[in-house]
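Student: The following block contains the structure, expressed as structure tokens.
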Amino acid sequence: MSLETTYLENILFFLMAAVSTVFLFRRLKISPVLGYLVAGMLIGPHMLKVIKDPSETRFLGELGVLFLLFTIGLELPLQRLLSLRKYMLGLGFWQVILTGLVFITIGCALGLSKEAAILVGGAFAFSSTAVVLQILDERQELAARFGRISFAVLLFQDLAVIFFLVLVTTLGTEGSSLFEALSYATLKAVFALLIIVGLGRLVFRPLYRAMAMSKNSELFMGATFLIVLGTSFLTEVSGLSMELGAFLAGILLAETEFRHQVEADIQPFRGLLLGVFFMSVGMGLNLTSLMDNYTDVLKLLALILSLKFLILFALSRMNGFANSTSLRVSFLLAGCGEFVFIILSPSVAQKFLPSGLSDVLFLVVTFSMALTPLLAYFGKVWADKSQIHETHADPLVCVEESKEFKNHVIIAGFGRVGQMLGDLLSSRLIPFVALDTDMRRVTEGREKGWPVFYGDAKKVAMLRAVGADNAHAVVITLNQMPASVRAVMMIRRHFPDLPICVRIKDHRHQEKLLNSGALLVVPETVEPTVQLATSVLEVLGMPSIEVKQLIERFRRQKWVVLEE
């Protein structure tokens, strides 16, 4: 059989295993990431041996990890980092530092070299971005307070990966001490971050603007692939890793207004390439090693989950988060993530780790990722038990929970329209607080983790309690027109600089509301609701091109739901 036929046969089995296994996992409502890992393990050299030599498909795996890191970097625009900097620097920074130090100390105590202990300990400090974000997205909990906090920690972990990707290429070089390697890696990482904003604004934005003016979608997509692979090539020839180049390419494009179009173009390939990466990892999982070392695997798994949970919970409480929030964040982020497979690649493991240790570590990471949905469920159960459900929210509670918000949106009335607007704002991680006098809506919203409070938006004290002095806009979606008019007049009198957007059922009272001080008055239907959301995003200062791309995607999703 020719080499070309063998290569085609491997790809065919690759795709067959991926489609069948992931389909089964989807039906069972299990993360497809685990499906890809299982599929790779089944066809790999340690089980069915369909693919006897994983190196034959290594190119696909390398391509998959490049686009994985690219899409992660694409989620890191400067605006998003700034909006979550309190959580990132308060909890994310100390979580990575303390967790890394604890596992490095344990690694050294167990006899690992300093280099190996640093790589293993640092890798274990990271959680699974792919699995955690999928859980938050499927359960619509990204806008919840614990969801925003968890996302902020994941963002800082993603940024910290830059340091470790540089460190991997620096450690072990001849004539350099550990201190020199760490210092050199730090300087390289800082330099890489410094060029991100400059290149994003000076090079990529004009390039994509020219591509957009050509109105050629194939050219636009080709430019994206060229940037990803070209940046990866440049970092590799510069003595850094290809993975770092792909990650930087994502961050660079995140600084442009074309980020959403790039996401839309790469979306069909993203899941496939992500699956290819995890399947290549799965082919390296050795079940024989599990049978021989199952006690060590279970002990190490329990140790990692316990220590990460305790560190996260203690830091969350020190940052002033409630018990319920701290529990949910700690359970959700207690596991390990896909960066372990990237940092401890086969070449790195062969160079720094004792023989057979990487098999054990990869099995531990895989099991921890598999347990993440279950841990998230336990976190919800325990958080619900620790949370006191009040029939009427105390304004002081509103102050405590919303005091961290700045430039947030206040939604007065959390019915169908208010929830739709909240869903859209949360997709951009724009903080909001909702008020409603219907306790049923408040209870349902609180159970879902939404920042919803019982309160009358016509009262000055209530608006001050939810941070109206620092808000960027208020949106009124009340059903009763007299209540809307009174709310507008009160807000304009006590908060003269606060933009007011109002949803009404028809055009009859539009002029009255505008005369009362409303900035925008939009009649109620699905499409005008989208127009209202567009105007709110523009009031918040988002670029018009980015608003258009986001709204078009949101409109398509909502019409599909309504048609169903």
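The values are calculated or read from the model by the stated rules, or taken from the named source; none is laboratory data. Because the structure is predicted, anything quoted here is derived from the model rather than measured. So basically every Cβ, Gly included, is an ideal-geometry build from the backbone, and we count neighbours across all protein chains shown. Accessible surface areas use protein heavy atoms only, side chains included; no ligands, DNA or RNA. Shrake-Rupley method; radii C 1.70, N 1.55, O 1.52, S 1.80 Å.
Student: Residue by residue through segment 516-540, note down the ones that are open to solvent by 60 Å² or more (accessible area, probe 1.4 Å) and at pLDDT below 75. It would help to see each step written out before you state the result.
Tutor: Start the filter on segment 516-540 by keeping residues that are open to solvent by 60 Å² or more (accessible area, probe 1.4 Å), which leaves 519, 525, 531, 538.
Answer for segment 516-540, where residues must be open to solvent by 60 Å² or more (accessible area, probe 1.4 Å) and at pLDDT below 75: Leu519, Thr525, Gln531.
Student: Is it fair to say Thr99 is part of a helix (DSSP H, G or I), open to solvent by less than 10 Å² (accessible area, probe 1.4 Å) and hydroxyl-bearing (Ser, Thr, Tyr)?
Tutor: yes
Student: When the residues of segment 4-50 are filtered to those that are in a loop (DSSP other than H, G, I, E, B), open to solvent by less than 40 Å² (accessible area, probe 1.4 Å) and more than 14 Å from Ala370 (Cβ to Cβ), which remaining residue is modelled with the lowest pLDDT? Please lay out each step first, then the result.
Tutor: Initially, segment 4-50 is screened for residues in a loop (DSSP other than H, G, I, E, B), giving 28-31, 44-50.
Checking the rest, the ones that are also open to solvent by less than 40 Å² (accessible area, probe 1.4 Å) come to 31, 44-45.
Filter again for more than 14 Å from Ala370 (Cβ to Cβ), leaving 44-45.
On the way: Gly44: 76, Pro45: 73.
The residue in question is Pro45.
Student: If you check Thr288, Thr235, which single one turns out to be more than 23 Å from Val132 (Cα to Cα), open to solvent by less than 50 Å² (accessible area, probe 1.4 Å), modelled with pLDDT under 80 and not hydrophobic (A, V, I, L, M, F, W, C)? Let's see the steps before the verdict.
Tutor: Numbers: Thr288 fails: open to solvent by less than 50 Å² (accessible area, probe 1.4 Å).
Exactly one of Thr288, Thr235 is more than 23 Å from Val132 (Cα to Cα), open to solvent by less than 50 Å² (accessible area, probe 1.4 Å), modelled with pLDDT under 80 and not hydrophobic (A, V, I, L, M, F, W, C), namely Thr235.
Student: Say whether the condition of being farther than 24 Å from Leu540 by Cβ, out of contact with any helix residue (DSSP H, G or I) (no Cβ under 9 Å at 6 or more places or on another chain), crowded, with 23+ Cβ neighbours inside 10 Å and not basic (Lys, Arg) is met by at least one residue in segment 473-483. Walk me through it before giving the result.
Tutor: The initial filter retains those residues of segment 473-483 that are farther than 24 Å from Leu540 by Cβ, namely 479-483.
From the residues that got through so far, the ones that are out of contact with any helix residue (DSSP H, G or I) (no Cβ under 9 Å at 6 or more places or on another chain) too are 479-480, 482-483.
With the extra rule that they be crowded, with 23+ Cβ neighbours inside 10 Å, the set shrinks to none.
No, there is no match, as no residue in segment 473-483 is farther than 24 Å from Leu540 by Cβ, out of contact with any helix residue (DSSP H, G or I) (no Cβ under 9 Å at 6 or more places or on another chain), crowded, with 23+ Cβ neighbours inside 10 Å and not basic (Lys, Arg).
Student: Have a look at Leu155, Leu112, Leu142, Leu91 and point out the one that is under 30 Å from Ser426 (Cβ atoms), among the hydrophobic types (A, V, I, L, M, F, W, C) and not in a helix (DSSP H, G or I). Can you show your working first?
Tutor: Details: Leu155 fails: not in a helix (DSSP H, G or I); Leu112 fails: under 30 Å from Ser426 (Cβ atoms); Leu91 fails: not in a helix (DSSP H, G or I).
Going through Leu155, Leu112, Leu142, Leu91 in turn, just one is under 30 Å from Ser426 (Cβ atoms), among the hydrophobic types (A, V, I, L, M, F, W, C) and not in a helix (DSSP H, G or I): Leu142.
Student: Among Gly445, Gly455, which is the only one that is in contact with a helix residue (DSSP H, G or I) (Cβ under 7 Å, 6 or more places away or on another chain), closer than 28 Å to Arg139 by Cβ and of a type outside the set (A, V, I, L, M, F, W, C)?
Tutor: Details: Gly445 fails: in contact with a helix residue (DSSP H, G or I) (Cβ under 7 Å, 6 or more places away or on another chain).
Going through Gly445, Gly455 in turn, the sole match is Gly455.
Student: Taking the condition open to solvent by less than 30 Å² (accessible area, probe 1.4 Å) and at pLDDT 75 or above, does Ser241 pass?
Tutor: Here the answer is no, as Ser241 does not meet what is asked.
Student: If you check every pair at least six apart or on different chains, which have Cβ atoms under 7 Å apart with a residue in segment 288-302 that is of a type in the set (Val, Ile, Thr) first and a residue that is in a helix (DSSP H, G or I) second?
Tutor: Val297/Leu290; Val297/Val360; Val297/Leu363; Val297/Val364
Student: Taking helices (runs of 4 or more DSSP H) that fall entirely within segment 296-386, which contain at least 1 residues that are surrounded by fewer than 17 Cβ atoms within 10 Å (Cβ to Cβ)?
Tutor: By residue number, 323-332, 346-352, 357-386.
Student: I need the full set of residues from segment 546-563 which are open to solvent by 60 Å² or more (accessible area, probe 1.4 Å) and modelled with pLDDT under 75, in order please. Explain how you work it out, then say what you get.
Tutor: At the first step, the residues of segment 546-563 found to be open to solvent by 60 Å² or more (accessible area, probe 1.4 Å) are 548, 552-553, 556-557, 559-563.
Glu552, Arg553, Arg556, Gln557, Trp559, Val560, Val561, Leu562, Glu563, listed by residue number.
Student: Quick one: count up the residues across segment 439-456 that are open to solvent by less than 50 Å² (accessible area, probe 1.4 Å) and under 28 Å from Arg328 (Cβ atoms). Explain how you work it out, then say what you get.
Tutor: Of the residues in segment 439-456, the ones open to solvent by less than 50 Å² (accessible area, probe 1.4 Å) are 442, 445, 449-453, 455-456.
Keeping just the survivors that are under 28 Å from Arg328 (Cβ atoms) gives 442, 445, 449-453, 455.
Counting residues in segment 439-456 that are open to solvent by less than 50 Å² (accessible area, probe 1.4 Å) and under 28 Å from Arg328 (Cβ atoms) gives 8.
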